[in-house]
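Reading through the structure tokens given below for one structure.
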Amino acid sequence: MESLIWLVPGLPLFGAAILLLGGKRTNAWGHLLGCLAALGSFALAAGLFFTMLGKHGAARSMHQHLYSWVPVPGTGQHPFQADVAFQLDQLSVVFILLITGVGSLIHIYSIGYMSHDPERRKFFSYLNLFLAAMLILVLADNYLLLYVGWEGVGLASYLLIGFWQAKPSAAAAAKKAFVVNRVGDVGLSIAIMLMFVTFGSFNFGTVFGTAGGASKGTLTAIGIMLLLAACGKSAQFPLQSWLGDAMEGPTPVSALIHAATMVTAGVYLIVRSHAIFDLSPTARLLVTIVGAITLLFGAIVGCAKDDIKKSLAGSTMSQIGYMILAAGLGPIGYAFAIMHLVTHGFFKAGLFLGAGSVMHGMDDEVNMRHYGGLRKYMPITFGTFFLGYLAIIGCPPFSGFYSKDKIIEAAFSKGGTSGWILGGAALLGALITAFYMTRMVIMTFFGEKRWVPDAEGHEPHPHESPLSMGLPMLLLAVGSVAAGFLFSMNSAFVNWLEPVTGPRAEGKLPGGLNSTTLSIITLAAVAVGVAIAVVKYGTGKVPAVAPRGSFITVAARKDLYGDAFNEAALMRPGQYLTRTLVYTDNRGVDGAINGLAALVGGTSGRLRRLQTGFVRSYALSMFGGAAALVAAILFAKL
Amino acid sequence: MNSYAPILVLGGLAAGFAIFSVVSGMLTGPKRYNRAKLEAYECGIEPTPQPVGGGRFPVKYYLTAMLFIIFDIEIVFLYPWAVRFDSLGWFGLVEMVFFILTVFVAYGYVWRRGGLEWD
Amino acid sequence: MSVLTSLLAASPGDPTNPGGGLGGATSTVTNTFTAPHVEYRALMPMLVVFGAATVGILIEAFLPRTRRYWPQVGVSLAGVVVAFCFVVANHGMAETTAADAVSVDGVTLFLQGTILLLALLALLLVAERGTGLVDLDAFTAQGATTPGSGGERAADAAGLRTTEVFPLMLFSVGGMLLFPAANDLLTSFVALEVLSLPLYLLCGLARRRRLLSQEAAMKYFLLGAFSSAFFLYGVALLYGYAGSVRLSDIATAITSSPHSDVLVLAGVALLAVGLLFKVGAVPFHAWTPDVYQGAPTPITAFMAAATKVAAFGALLRITYVALPGLRWDWRPVLWGVAILTMLVGAILAITQRDIKRMLAYSAILNAGYILLGVISTTSKGVSSTLFYLAAYGFATIGAFAVVTLVRESVRGGSDSGDGGEEDSVTVGGEATDLSAWAGLGRRSPLLAACFTVFMLAFAGIPLTSGFTGKFALFTAAIDGGAWPLVIVGVIASAAAAFFYVRVIVLMYFSEPLREQGAGPIVVVPSPMTTVALTVTVALTIALGVLPQMALDLADKAAYFVQ
Amino acid sequence: MNPDNYLFLSALLFTIGAFGVLIRRNAIVVFMCVELMLNAVNLTLVTFSRMHGDLTGQVIAFFTMVVAAAEVVVGLAIIVSVFRTRRSASVDDANLLKY
């Protein structure tokens, strides 16, 4: 089994290659091939998982070395060794199962969802490409290969957000996602360079093994750069602004990439690099701050959006904020970060697919104010969506309860003032989550119909989606319900990850709290959130046009001025700086470069006149060359 | 120089004889000219008239000349072999047969492609 | 007493008869003769190729015109493939054979394998005759007819094909196989001529723009003959110095001879003229752009890729086997040549408007890079040269293959002269002017993508063969102490990246040229060109992504026998 | 006679040939000059062969003659075809490929 690891990313990669190179010829069966590649990859992942279950202890970590890319034998202090090698341990197996599992479901869902799109084959090739890149990311045994996957998912994300590139908004969103991601990528590349300089290797084993020998400052710098990378990919503050716009992509993309898998790459990166963060409390503190800010930020944005997908995007941001917060808490939080990541993968993907199903039935309407009363028309969608809803707000015994509750508990048990602040933020986040999710469910499925006829005056005819869309939603709902409970039994998940993340430190809850009381407090907060939403939206009439609202609502609708902040703080000064630079560049640097280019060009223009076309002048140059050669070699001797 | 003396003597004798024959014929023979006698050769093919301005030969001449040169030059390898035939033995014979066979392939090509036809 | 006399007075000459005539040489011949041992297995690659060429001649002679094409294609491809199998079977061999005229060692085998693969791909391009819809024959119907004459039209109309190109190419390939294997200078000279003479003819056989083609052939021929005269004079001087033309004897003579080295140095310099001419190094490069532009494109591809491999192979062997003792003399000279070659190649390519001409200057530039490997005089230098030659060869054949597919469109009328309909558009010659390539990315994304791969490889962008190759070469050169050359190389690369990338920009970001309606068109070739293109793209990427195997092979192959 | 003189003669012939290539316009004559260079080398080879008392030089001369003959055939074929196209054998007229 171990020798088959490469096939896990290999199958989707072949799928993507065949679909991209085959072109229109593969239109007829391209979607099936795409699904097969994903399912095959899932089957392999499952096989590898069971193989791993059959082993014990250190033997569980599998390794496959494919080849070395341009090894430079030890001339310098650090021989440059860039291996293409995969490492499958307890952490990556969780990821490959999640990626291939949810990925397969979403592939199947897309068959129905994209059935009317003429470019469906291309869509599947991009999805396969994404799967391959994401799997390379989590399977890599060194940072350089991880970087390959990291850029690969960025590319796939760009292609898929801009899939309907004819829409200017989609093209702009793709570009925005790409540019913002680049900022994070720069962080990762700097981190990798620092690692190579410090440890002389990219390899996880070497880096983590020798991390203790590096200075605190270096480790903190690497940690901060890794955090920057995570912020970019996982849409964390202050690089969060792209995720909302990314909802311009087809909904399966939002579910797979911008909810379940790619956006969690940042969490993976931090947990994978825990050896570095363990040694740098400063970097860890920053991670928790980023997580706490984002979890509130996302939740507030989620409250104000009327676009169902954008509201879910805010929620995603917020939930990943939880994970980042947990990861920043160190050994007490790593396992819960990953656990929440997995449960979130299930319920958020389910919610997105539900949203997609609603949109599918409502002629691509996304405004929740134009929904209402859909419960009766789409029973399956409603059922699965509601289960996902219960999971995300943390209602026991659904999966979100187990994972989120643990994160809140871990935040409080950090101790000290920071523990109270972080715990409080997490608790508040839970309240707000309950509020906006309830709002979403009420506005979509309950109340009266607020359907709006389309431009040609056709009333929407909501209908249940086909089986290919319903089945994945059902399966994900099962995950949303059961995953948390299963993972928490006998701390199964925590124990499973222990060899990778290190033994879990037991925190102590402050101020007379214990885990039961804290659970009750959390549930009370959730209940308050639900109650507010029910009072506000369930009893009265929901206006079809959004009221002006308070300043917080207005701000939240505008993503808490995230774009405005970017524009004022980064874009304007950036443009100013660019203009100044362009000016100096034009006058100074370009003057020199252009002068040089003109010199080269001029030399070239003059020299080519020597190529007269006369064979005799060529012969003369040869004769002269021969004479010069003889003269030079004799002169060198004498 | 001694070894070249007989050659010089031979050359001198030959030249003397040639001059003697021609001069004696001129002096003693009858002189009756007609058109046929003024030709460069008194019998055989009439020589081609020399074209104006140096003139050009048909490409056929070039082709034939080339073929002559290329087959003629192969003899260069046959000479040493012929001279040392005894000591080169079977090895030399086999190698030379291969060599000549290869030349025949070229010959076959020239022949089949009409290189030997004048018209 | 002149210099020469003083040189030769003490040379291992003829002490008994210094002032005698030239008649007594036979007296030195002994009467015993032992047949040299010939290891036929080692010679098989060459024998097979020459044999296939001879069969090709017989096919020309004895099959009717219309039935020659497929047998020729079959015999040529089979010959090359069988020869390649022999090369593979001979791996690890290290011996000299045929009276020490040929040495078969790692370098020979690696280069022979490379040449055969390149020849195979080039043969596919040469064999391209188009599909039923378009005629893509690159060669004139009958070389003997005058361009534009009635005879040419008649030959065209009769559907005649110049199938002689196949045996001619095979003879050339045979010469190329022998050139890097030649263990004495006489064999070198013969191999050089055997590889060159067919190429001169092939250059002049283009179907379109025959005037240019014939001019290219004439220039190549006159300059090539000129350079081989220099080469031969070099051989003669080295023979005069060492009393033998065997490379190992020359090496021994250099280390043991007490005489002044003037004779040997002059000989080496003249020898270098011939070799540097073939690789296209400055100042012996002037023929390259003209000939590359004028020759039929498949032949240009073959010439640019395979000749370079063979010539560098010979250069490697001569410098590493015969002249290691003179390292300190020839290295500075080659330094100068390499610097000039890189700079001239990079600078002149910038202002080219013709794609084939640009690729020719790129070939000159690359010759400069490869000289770095020769100069480094380490086994790493040899292996990196071997790798680069292979990487460069494949990318070159691919790039020229793309050139064959971008054609001008001719409105109305075709070659046969029935220009009645105004709207019919027929496929013309290759659109080699760069302006015609504008917007190619939109018209034919796949072809443009292929060409992009080759341009990126030439520019040395990572994940292409060009990067790996340059990396290996530059590392070897630095190890060999030639870091100033590497600096020049990097500067030249930067300048070169400009014109490579310019083509990419032109293809993807420029508006297509629309002059008088019909612009250039991209033709769909038969599977032959498609296969060649696919293989070259795949190899170019594979040697960039997974270079380890090929690098290991080159490392293992970097050994000479004396 | 001193063999050096043959070497000088051959060097002289070689140079004359090379200069002929550089200054003559007619392609045929240019080509004949190349042949002159080759034959000058032959003379060198034979001289060295004599001086070393070794036959290799003479063998090389044989090979050179054969190669030269083959070169003649190829070269004249090319020159004749150029001549028939352009009605001129001047190397300066073949000047379309440049810059």
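For D:Arg84, C:Arg353, which order do you get if you count the other beta carbons within 10 Å of each Cβ and list the fewest first?
Details: D:Arg84 16, C:Arg353 11.
So the ranking, lowest neighbour count to highest, is C:Arg353, D:Arg84.
In a GNM of chain D with a 10 Å cut-off on Cα contacts, which of D:Ala69, D:Ala61, D:Ala18 has the highest mean-square fluctuation? Its mean-square fluctuation being the largest, the pick is D:Ala69. The charge dipole of chain A, taken about its Cα centre with unit charges on the Cβ of Lys, Arg, Asp and Glu (plus for the first two, minus for the last two), comes to roughly 1000 debye.
Multiply the residue gap between C:Ile541 and C:Ala144 by 0.36 nm, knock off their C-alpha separation, and tell me the result in nm, one decimal place. Mind dumping the intermediate values first?
On the way: separation 397, 0.36 × 397 = 142.92 nm, distance 4.20 nm.
Full extension from C:Ile541 to C:Ala144 adds 138.7 nm.
For a modelled paramagnetic label at A:Ala531, 7 Å from Cα along Cα-to-Cβ, the residues of the stretch A:367-410 in reach, with backbone nitrogen under 19 Å, are A:393-396. For chain A, the longest principal axis of the Cα atoms and the long axis of helix A:590-607 meet at an angle of about 40 degrees. Applying 1/(1 + (r/R0)^6) with r as the Cβ-Cβ distance of B:Arg113 and D:Val59 and R0 = 35 angstrom yields a FRET efficiency of 0.60. Projecting label points 7 angstrom from Cα along Cα→Cβ for A:Lys24 and B:Thr28 puts them 10.3 nm apart. Could you state the angle between the C-alpha long axis of helix C:355-375 and the longest principal axis of the C-alpha atoms of chain C, as a value from 0 to 90 degrees rounded to the nearest 10? Orientation of helix C:355-375: about 30 degrees from the principal axis. Enter the Cα centre distance for the pair the stretch A:1-52 and the stretch D:29-64, rounded to the nearest angstrom. So the two Cα centres are separated by 68 Å.
Let me spell out the model: positive unit charges on the Cβ of Lys and Arg, negative unit charges on the Cβ of Asp and Glu, origin at the Cα centre of the stretch D:4-88. What dipole size does that give, in debye rounded to 20?
560 debye
Placing a pseudo-label 7 Å from each Cα along the Cα-to-Cβ vector at C:Ser435 and A:Leu467 gives an inter-label distance of 6.3 nm. Output the 0 to 90 degree angle, nearest 10, between the alpha-carbon long axis of helix C:527-545 and the longest principal axis computed from the alpha carbons of chain C. The two axes meet at around 60 degrees. The relative contact order of chain A, computed from alpha carbon pairs under 8 Å that lie at least 6 residues apart in sequence, is 12 percent.
Using the rule -39500 (n - 2.57) for each DSSP H run of four or more residues, divided by the residues of chain C, the 222 nm mean residue ellipticity is -21500 deg cm²/dmol.
What is chain C's relative contact order, in percent, from Cα pairs under 8 angstrom and six or more apart in sequence? Each step should come with its number before you reach the end.
Numbers: 980 pairs, mean separation 88.6, N = 562.
It rounds to 16 percent for chain C.
Of the residues D:Thr56, D:Gly75, D:Phe19, the one whose Cα sits farthest towards the positive end of the charge dipole of chain D is D:Gly75 (charges of +1 on Lys and Arg Cβ, -1 on Asp and Glu Cβ, taken about the Cα centre).
As a proxy for reagent exposure, C:Tyr559, A:Tyr158, A:Tyr322 were ordered by neighbouring Cβ count within 10 angstrom, fewest first; the result is C:Tyr559, A:Tyr158, A:Tyr322.
Across the stretch A:411-439, the residues whose backbone nitrogen lies under 20 Å from the label position 7 Å along the beta-carbon direction of A:Arg369 are A:436-439.
Under unit Cβ charges (Lys, Arg +1; Asp, Glu -1), what dipole magnitude, rounded to 20 debye, does the protein assembly as shown have relative to its Cα centre? Working shown, then result.
Working: 89 positive and 78 negative charges, 522 e Å.
Result for the protein assembly as shown is approximately 2500 debye, rounded to the nearest 20.
Normalising the average separation of contacting C-alpha pairs (under 8 angstrom, six or more residues apart) by the number of residues puts the relative contact order of the stretch C:143-239 at 22 percent.
With a point put 7 Å past each Cα toward its Cβ, work out how far A:Ser491 is from A:Lys167 in nm, to one decimal. Simple spin-label model gives 4.7 nm for this pair.
Read the figures in this text as sums done on the coordinates, not as results from a lab. Fair warning: this is a prediction, and the values are worked out from it, not measured in the lab. Neighbour counts run over all protein chains shown; Cβ positions are idealised from the backbone, glycine included.
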